[in-house]
Amino acid sequence: MDTENQEMLITQLRQKVEETFGQEIKTPKDFENLSLAVSDCTKDYISATTLKRMWGYLTEPVTPRKATLDVLAKYVGYKDWAAFTQEGPDTPSYSPAPPVRKSGLSRVFLVALLAALVCLIGLLLLRNCRMSNRLTSITDSLKTVNADKYVIRLGQTFSTYDDYLQLFGITPDDRPWAQPLPGHPEICIWGPEFHNAHWHNDGNPDSLMPTITEYWHVEGADPETVRLRNIDHYTYLRYRKELRVTFMKGLRDSTFTFLGLYSMDHQLSDTNRIVWQRVAEECDLTHLDYLEQLRR
């Protein structure tokens, strides 16, 4: 497929997505809501940042990955991107997600519907004389479901690099243990090994590593080589102000454990070793732009 034809088809796909979503995608909140809608419909996650790049909201030029196009094609009613390009945007292979109606009264209607549902739940709970306790339980359950789906928390485990990198819109390459967050080169998705023969990552595994002391040392290596390697590493990171979203392998078993967000502790770090300090225990996948503020 030539570039011009692909660009035309991508433009048509964006239009179909907006038709299915029920409105034009213009604001950061629109992209966040579209990310949630796509995830709810297809059970596949596309970050708001990836959608911003595809819609041209962000300035860096990038061609959407096939995985992204597959998910969006599925959202508008096709099996995948290939089916969209072959069948044409007007002949979906199966029913797309139901569009959101564009109506000036839609929000009022939704609020009224929600109020009616709350009243119905309240009446049912009163009928069983347990309204207060059950409402609390329902609220807590909803919070847990939403949080577990879009927020990574301290201690959560993943089997492979791909299992967590795909949450950030990253396809693993030959360096899956250290990948920049798309659009944020100073934010690193870091997957170190707890026991590594070259890069040591010391800390307290019982409390899930509130600090990680990182340094390079190989048994039998020339001391001067070791010294220069650690100096270069410190010098590079000292002025980078890097934030690391950390998944450590081998902390408890062969899986990757999410340890939180880390930045360098400049007071404890020196040319011999880097001390990373945990600054947050959660990562909100729907608001990744906030990581830049945390980095600064």
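Odds and ends about this structure:
- Gain in span if fully extended, V118 to V62, counting 0.36 nm per residue against the direct Cα distance: 15.7 nm
- Couplings 3J(HN,Hα) of the range 248-259, computed from phi: 9, 8, x, 5, 10, 8, 7, 7, 9, 9, 6, 10 Hz, in residue order, whole Hz [Karplus 6.51 cos²θ - 1.76 cosθ + 1.60, θ = phi - 60°; x for Gly and Pro].
- Amide H contacts under 5 Å for E282: L261, restricted to partners 5 or more places along the chain or on a different chain, H placed in the peptide plane at 1.01 Å from N.
- Distance (nanometres) between label positions extended 7 Å along Cα→Cβ at S159 and Q6: 3.1
- Amide H contacts under 5 Å for L208, placed H, 5+ residues apart: none
- In this simple spin-label approximation, T27 and D206 carry label points 7 Å from Cα along the Cα→Cβ vector, and these lie 5.0 nm apart.
- Averaging the Cα positions of each part gives two centres, and for the range 221-275 and the range 1-62 these lie 36 Å apart.
- In sequence order, calculated HN-Hα J values of the range 163-172 (Karplus, 6.51, -1.76, 1.60; Hz; x Gly/Pro): 4, 9, 5, 5, 5, 9, x, 10, 9, x
- Across the range 43-53, coupling constants 3J(HN,Hα) worked out from phi with the 6.51/-1.76/1.60 Karplus curve, θ = phi - 60°, read 6, 10, 9, 10, 6, 4, 5, 4, 5, 4, 5 Hz, and Gly and Pro carry x.
- Per residue, the range 141-296 exposes 52 Å² of accessible surface when a 1.4 Å probe is rolled over the protein heavy atoms with every protein chain present.
- Over 29 Å between alpha carbons, listed pairs K74/K241; K29/K74; K52/K241; K26/K241; K52/K74: K74/K241; K26/K241
- Extension gain from Y236 to H195, taking 0.36 nm per residue of separation minus the Cα-Cα distance: 12.4 nm
The values are calculated or read from the model by the stated rules, or taken from the named source; none is laboratory data. Small disclaimer: the values here were computed from a predicted structure and weren't measured. Quick reminder, even Gly has a Cβ in these numbers, built from the backbone with ideal geometry, and neighbours come from all protein chains shown. Note: accessible area is taken over every heavy atom of the protein model, side chains too, but ligands, DNA and RNA are not part of it. Shrake-Rupley method; radii C 1.70, N 1.55, O 1.52, S 1.80 Å.
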